[in-house]
Amino acid sequence: MPTSEAQEALFGDIAKQASSGDPQAQLALGQMLLNGVGVARDESAALRWFLASAAQGVPMACNMIGRSCELGKGVAIDLHAAMLWYERAARAGLDWGMYNFATGLTLGWGGEKDLPAALTWYRRAAALGHCKSFNIIGGFYEDGWAVARDLRRARAYYVRAARCGDFRGCFNLARFLFQEGRDAEAERYVAMAREMGTKEFLEKIDAFLERRVNA
């Protein structure tokens, strides 16, 4: 783990490169400012560097501007603007841009929901190996969103998500394994989901297990 002194030195080096116009350094500097690495957190300054990097065509910078607009980091929340930046990142070939753009299409951030278009973008991200997209596609098949309901395909996508380390994919695969009577294997995937999951997701796991016990 880098020391604070080492982080500060790294920040200084990257700041020099960013100031000289290096677009990847500008992106990295924005990330450090956003996360408070080697410097006090400054979301507004982070956004300015993301914008500078995006102006030179860096797809991840476009994605990070989208995140800033979505979450209100350094700027007021603006889901319409977030979608414009996510689409730009997606069309530039960035898997995270595709995933975030698809999420916005699913939730209707740009206006009306568009599940078929969302699924298309999730598939494009998945083709690049994007782990979370495997899990979401599984959900589309499990719930019959924009496709015919197909539990076999849903399970197959959850397997791919779990194998590449998505905690939601681990949990969703575990649900299927419990239904198949493969409890020991299911418990292993539940443990993996617990190890990687957020606090809110752990509560969801606990609620599921409680319902299962009381069923």
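Surface composition of the chain: carbon and sulfur atoms hold 53% of the protein heavy-atom accessible area at a 1.4 Å probe.
Once you order the gyration tensor axes a ≥ b ≥ c over the Cα atoms, which shape class does segment 168-215 get: rounded for a/c under 1.5, otherwise prolate or oblate by comparing a/b with b/c? Oblate is the answer for segment 168-215, as a/c is 1.5 or above yet b/c matches or exceeds a/b.
If you average the sequence gap of Cα pairs under 8 Å that are 6 or more apart and divide by the length of segment 1-108, what percent do you get for the contact order? Can you show the working numbers first?
On the way: 162 pairs, mean separation 18.3, N = 108.
Contact order relative to length: 17 percent.
Here the ratio of the Cα radius of gyration of the chain to 2.2 N^0.38 Å is 1.17. Between segment 41-68 and segment 83-129, the C-alpha centres lie 18 angstrom from each other.
Restricting everything to alpha-carbon atoms, can you work out Rg to Rh for segment 130-203 with a Kirkwood hydrodynamic radius?
Rounded to two decimals, Rg/Rh equals 0.97.
Is the shape of segment 45-86 rounded, prolate or oblate, going by the alpha carbon gyration tensor and its root eigenvalues a ≥ b ≥ c, with a/c under 1.5 for rounded and a/b larger than b/c for prolate? Write down the numbers at each step before the final one.
On the way: a/c = 2.51, a/b = 1.36, b/c = 1.84.
Because a/c hits 1.5 or more and a/b fails to exceed b/c, segment 45-86 counts as oblate.
Between ARG182 and ARG153, the simple label model (points 7 Å from Cα in the Cβ direction) yields a spacing of 2.1 nm.
Every Cα-Cα pair of segment 1-118 was included, and the share exceeding 19 Å stands at 47 percent. Normalising the average separation of contacting C-alpha pairs (under 8 angstrom, six or more residues apart) by the number of residues puts the relative contact order of the chain at 9 percent.
Tell me, what is the FRET efficiency for LYS16 and ARG194 to the nearest 0.05, using R0 = 35 angstrom and their Cβ-Cβ distance as r?
Numbers: r = 43 Å, r/R0 = 1.22.
E(calc), rounded to 0.05, equals 0.25.
For the chain, taking a cut-off of 4.7 Å between Cβ atoms, the unpaired cysteines are CYS62, CYS69, CYS170. With each label modelled as a point 7 angstrom along the Cα→C-beta vector, the ALA117-ALA9 pair spans 5.0 nm.
Cross-link partners for LYS113 among the aspartates and glutamates, with Cα-Cα distance under 17 Å and sequence neighbours closer than 8 places in the same chain left out: GLU70, ASP78, GLU87, ASP143.
The values are calculated or read from the model by the stated rules, or taken from the named source; none is laboratory data. Please read all numbers here as calculations on a predicted model, not as lab measurements. Here Cβ is always computed from backbone atoms with ideal geometry, including for glycine, and neighbour counts include all displayed protein chains. Each accessible area value is taken on the protein alone, full model and side chains, heavy atoms only, with ligands, DNA and RNA left out. Shrake-Rupley method; radii C 1.70, N 1.55, O 1.52, S 1.80 Å.
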